1. Please report, largest first and rounded to whole Å, the three semi-axes of the ellipsoid equivalent to the stretch 109-206, where each semi-axis is the square root of five times an eigenvalue of the C-alpha gyration tensor.
2. In nm², what is the average projected area of the convex hull enclosing the Cα atoms of the stretch 325-370?
3. Towards the positive end of the charge dipole of the stretch 117-267, with charges on Cβ (+1 Lys, Arg; -1 Asp, Glu), say which of Y176, I237, T141 has the farthest Cα.
4. Simple spin-label model, 7 Å along Cα-to-Cβ: V1 to S281 in nm?
5. Give the Rg (one decimal place) followed by the Dmax (whole number) of the stretch 216-296, computed from C-alpha coordinates and expressed in Å.
6. In whole Å, how far is the Cα centre of the stretch 252-281 from that of the stretch 162-185?
7. Please state the equivalent ellipsoid semi-axes for the stretch 175-314: what are the square roots of 5 times the Cα gyration tensor eigenvalues, largest first, in whole Å?
8. Is any helix in the chain, taking whole DSSP H runs, at least 15 angstrom long along its axis by alpha carbon and on average at least 0.0 on the Kyte-Doolittle scale, and which ones?
Amino acid sequence: VIRCRAAVAWAPGKPLSVEEVEVAPPKAGEVRIKLVATGICRTDEHLLQGCFPKAEFPVIPGHEGAGIVESVGEGVTSMKPGDKVIPLCHPQCGECSFCRNPESNYCQKFHFSEPQNLLPDKTSRFSCKGKQIHHFLWVSTFTEYTVVPEYAVAKIDAAAPLEKVCLFGCGFSTGYGAAINAAKVKPGSTCAIFGLGGVGLSVVMGCKAAGASRIIAVDINKDKFAKAKQLGATDCINPRDFKKPIQEVLTEMTGQGVDYSFEVIGHPDTMIAALASCNMSTGVCVMVGELDSGSEISIDPTLLLTGRTWKGTVVGGWKPRASIPKLVSSYLEKKFNPDLLITHTLPFAKVNEGLELLRAGKSIRTVLLY
């Protein structure tokens, strides 16, 4: 058993409490990881506000980390102590029908099918003050040590800087892949991205890499426009600057609507606006933002009847264990630069300060260092 620091959420709506926790050794098929860095993602905020489906408290949040294997359980063969790894909030068991389907990146063991509040044997590896602490998406990266199933860990290049590539665990991979894999953006096309947080700006990077000729960034926080243009946006617009609905503005700007739109906020109204902003025949709208648990959306069916495609994506459509190491290698080859998404770096003890930067819209990505 290892005793270390972790940020525990004892109840929804309360600040995180940095506590000494006990982390049990890995069982068969599990890996214990010493975290080096973790990003703070909007999904962590969803959890802390009690809006994440099936989550249970007390819990250790965090799902965007990178670290070094400390020990492995019986039967683990794909990694060994000392390997650099990224724990994956979306597993790849390799055995379910989804994993065996080359066109799918879903896994039957993902949280939407099977809650990941406890490890697969339905027990926790975390305890604090004599109480069991729940896992979050199995990865729980707001801790110095975590235990994760082997099929939810990707071994990466030993040269990778962990304080940078931690973003590949969620934010960068999700946004970049939404453009490359889910939308399959074509060269010369027009795109609109609703929401310019870390994931939305990663969509901008993906659209640019795919050769889009016009990339329209949409956000009510104009402070994010400079970063969006730095990463490839050609236009930046604030819906509050117009008296008409933003989908009408985008349609007028482009003639018939954009070829691809992305909702990266998680609000029902902006999801409808994003769908309506893409052209009525061949437009593709990709849902990236995560709605609060229990949310519902009502739409005019003619938005789809005329030919639009409306689809969702999980972790950008990548098969995580297979694809994330390749993405890291491409990063090391300087094919893209998600380092630009990191606006703040803080010591782990300042995790609540990092969350406040997120809530205030003052950060793109804050990385915590252990």
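Taken together, the values in this text are just the output of simple stated rules run on the coordinates, not laboratory data. No experiment lies behind these values; they were computed from the predicted model shown. Ideal geometry is used to build each Cβ from the backbone, glycine not excepted, and the neighbour counts take in all protein chains shown.
1. Numbers: eigenvalues 211, 51, 33 Å².
One finds semi-axes of 32, 16, 13 Å for the stretch 109-206.
2. 3.8
3. Comparing the listed Cα positions along the dipole, T141 ranks first.
4. 6.7
5. My reading of the Cα-based Rg and Dmax gives 12.7, 36 Å.
6. The stretch 252-281 and the stretch 162-185 have Cα centres separated by 21 Å.
7. After scaling each eigenvalue by five and taking roots: 19, 16, 16 Å.
8. Helices meeting the criterion: 198-209, 320-332.
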